[in-house]
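Taking it in order: structure first as structure tokens, then the write-up.
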Amino acid sequence: MLSEKKTILNEYNVQEDIQDLILANQRNWIPKNPILITRTISNCYENSKSVIESIDKELQPELDLKMKPEKYGTAINQIIFSCSYSFYDNNSCKTNYIIADESLKLKQKDFYPELLKIFSKQEIEKNGYFLRNRYEYGNFNSEKGKITNEIKFEKELSDLSYSKQKQIIAEHITFSLNTTIEKLKKKKIIYDFESMRNDFLEILTKWKSN
């Protein structure tokens, strides 16, 4: 005859770390190159087109092929660098970024009032001026392992030679990456940032020298 004694769950030593289970499920993404360099919109000045196309057709494929995500860890899925370039399509479709002094730490609401201190309203409208911070850093989404950063480029970039434009773009992406890594390290994320950065810089250096 079966015992009628009720089972009391707390009589058993059952321990589960629910948080670890959730994180394990969240980090089941397929290992891939963690660096994605993209652009907010396709517009740019004519003299920058070949450089930007080189990022899409040469640099990004090399990163996808030669980065080694398996050795870095699973905490980071993707660090996205969304680049915005100044452009002039026609008189009613133009954007020329003016890069703000970083020390001012401007917010969205501050840009236009600060721009009016530099240019008149007529000059702003005529030239399509927009005051922006060079770098904007997104919040890290631990569930998806992603963070998106923005980088703005002024019109003067397009006045430079092909090789100099590569150098400038590479410098700004590198600066943004280094800042992002320092921010993520403060979150005590377990990830081989140094190996990832070294692999990235090796590929980036070869790209900008070609």
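The residues of region 180-210 that are among the hydroxyl-bearing types (Ser, Thr, Tyr) and either touching a strand residue (DSSP E or B) at 6+ places or on another chain (Cβ under 7 Å) or on the phi > 0 side of the Ramachandran plot (or both) amount to a single one, Thr180. Would you point out the residue of region 128-155, among those that are among the aliphatic types (A, V, I, L, M) and under 27 Å from Lys185 (Cβ atoms), that is nearest to the chain's Cα centre (by Cα)? If we take residues in region 128-155 being among the aliphatic types (A, V, I, L, M) and under 27 Å from Lys185 (Cβ atoms), then Ile147 is nearest to the chain's Cα centre (by Cα). In region 135-178, of all residues being in a helix (DSSP H, G or I) and among the β-branched types (Val, Ile, Thr), the one that is farthest from Phe87 (Cα to Cα) corresponds to Thr174. Of the residues Leu115, Leu106, the single one that is crowded, with 16+ Cβ neighbours inside 10 Å, farther than 21 Å from Lys183 by Cα and among the hydrophobic types (A, V, I, L, M, F, W, C) is Leu115. At pLDDT 95 or above and touching a helix residue (DSSP H, G or I) at 6+ places or on another chain (Cβ under 8 Å): is that true of Asn139 in this structure? Considered against the rule, which asks whether it is at pLDDT 95 or above and touching a helix residue (DSSP H, G or I) at 6+ places or on another chain (Cβ under 8 Å), Asn139 comes out as no. When region 196-210 is limited to residues that are surrounded by 14 or more Cβ atoms within 10 Å (Cβ to Cβ) and over 18 Å from the mean Cα position of the chain (by Cα), the one that is modelled with the highest pLDDT turns out to be Trp207. Screening Ile55, Ile79 for residues that are among the β-branched types (Val, Ile, Thr), closer than 24 Å to Ile189 by Cβ, touching a strand residue (DSSP E or B) at 6+ places or on another chain (Cβ under 8 Å) and surrounded by 16 or more Cβ atoms within 10 Å (Cβ to Cβ) leaves exactly one candidate, Ile79. In this entry, Phe153 passes the filter for residues that are of a type outside the set (S, T, N, Q), crowded, with 16+ Cβ neighbours inside 10 Å and either farther than 28 Å from Thr95 by Cβ or modelled with pLDDT of 95 or more (or both). Out of curiosity, is Lys208 in a helix (DSSP H, G or I), basic (Lys, Arg) and under 23 Å from Glu58 (Cα atoms)? Yes; evaluated as a whole, the condition is true for this residue.
When restricted to residues that are at pLDDT below 60 and part of a loop (DSSP other than H, G, I, E, B), region 1-47 contains 15.
Okay, residues lined up against (1) of a type in the set (Lys, Arg); (2) within 17 Å of Ile52 (Cβ to Cβ); (3) touching a residue at least 40 places away in the same chain (Cβ under 8 Å):
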residue: Phe175; (1), (2), (3): no, no, yes
residue: Asn178; (1), (2), (3): no, no, no
residue: Ile190; (1), (2), (3): no, no, yes
residue: Trp207; (1), (2), (3): no, yes, yes
residue: Asn210; (1), (2), (3): no, yes, yes
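Yes or no: Lys66 at pLDDT 95 or above, charged (D, E, K, R) and closer than 30 Å to Arg197 by Cα? So Lys66 fits the description; yes. With respect to Lys183, determine if the residue is in contact (Cβ under 8 Å) with a residue 24 or more places away in the chain and part of a helix (DSSP H, G or I). Taking the combined requirement at face value, the residue satisfies it. All told, Tyr129 meets the bar of being at pLDDT 95 or above and crowded, with 17+ Cβ neighbours inside 10 Å.
The values are calculated or read from the model by the stated rules, or taken from the named source; none is laboratory data. Owing to the predicted nature of the structure, the values given are computational and were not obtained by experimental measurement. Don't worry about glycine lacking a Cβ; one is built from the backbone with ideal geometry, like all the others, and counts go over all protein chains shown.
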